[in-house]
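Read-outs throughout are calculated quantities, based only on the coordinates presented, and are distinct from any laboratory measurement. Keep in mind that what you see is a predicted model, and the values were worked out from it rather than measured. Methodologically, a virtual Cβ is constructed for each residue, glycine included, from the backbone with ideal geometry; neighbour enumeration extends over all protein chains shown.
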Amino acid sequence: TFIKNNVNGYRVPIDITNLDEDTLITELTSKLLLFFTQDNEKTRAESYKIANNYLIGNIKEKWKNLIDEVLND
């Protein structure tokens, strides 16, 4: 997943069958406040590191390596 909990964002489990509305709102509000009051530069840098794996050039290279491996194995 693109979101790494407590690294470049926060994951909030949404279990509407077991959580009451007030608890859910409290959890979401808490994480939103944390997100908007943290060091955005660190969050941004971590997100770019994660996203780097999905850049076209990197995906192309992974496909090329896989095809080469299949053809030459």
If the cut-off is a Cα-Cα distance under 25 Å, which lysines reach LYS42, setting aside same-chain residues fewer than 8 apart in sequence?
LYS4, LYS31
Going by alpha carbons, how many degrees (0 to 90, nearest 10) lie between the helix axis of 40-52 and the longest principal axis of the chain?
30 degrees
Any GluC sites (Glu not before Pro) in segment 1-44 that lie in a DSSP loop and have at most 11 other Cβ atoms within 10 Å would be none
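Test of the criteria: in segment 26-60, which chymotrypsin sites (Phe, Trp or Tyr not before Pro) are in a DSSP loop and have at most 14 other Cβ atoms within 10 angstrom of their Cβ? Display every interim value, and only then the final one.
Numbers: sites: PHE35, PHE36, TYR48, TYR54; in loops: TYR54.
The qualifying sites are TYR54.
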Hey, what angle do you get for helix 56-72 against the long axis of the chain, alpha-carbon based, 0 to 90 degrees rounded to 10?
50 degrees
With Cα atoms, 0 to 90° folded angle of helix 21-37 axis to the chain main axis:
60 degrees
Under 13 Å, Cβ to Cβ, from VAL70 - net charge with Lys/Arg +1 and Asp/Glu -1:
-1
Here are some values of semi-axes √(5λ) of the Cα gyration tensor in Å: (i) 18, 16, 9; (ii) 22, 18, 10; (iii) 37, 18, 6. Which one was computed from this structure?
(iii)
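What does the charge dipole of the chain about its Cα centre add up to, to the nearest 20 debye, if the Cβ of each Lys and Arg holds +1 and the Cβ of each Asp and Glu holds -1? Spell out each step's value before the answer.
Numbers: 9 positive and 12 negative charges, 82 e Å.
So the dipole magnitude of the chain works out to roughly 400 debye.
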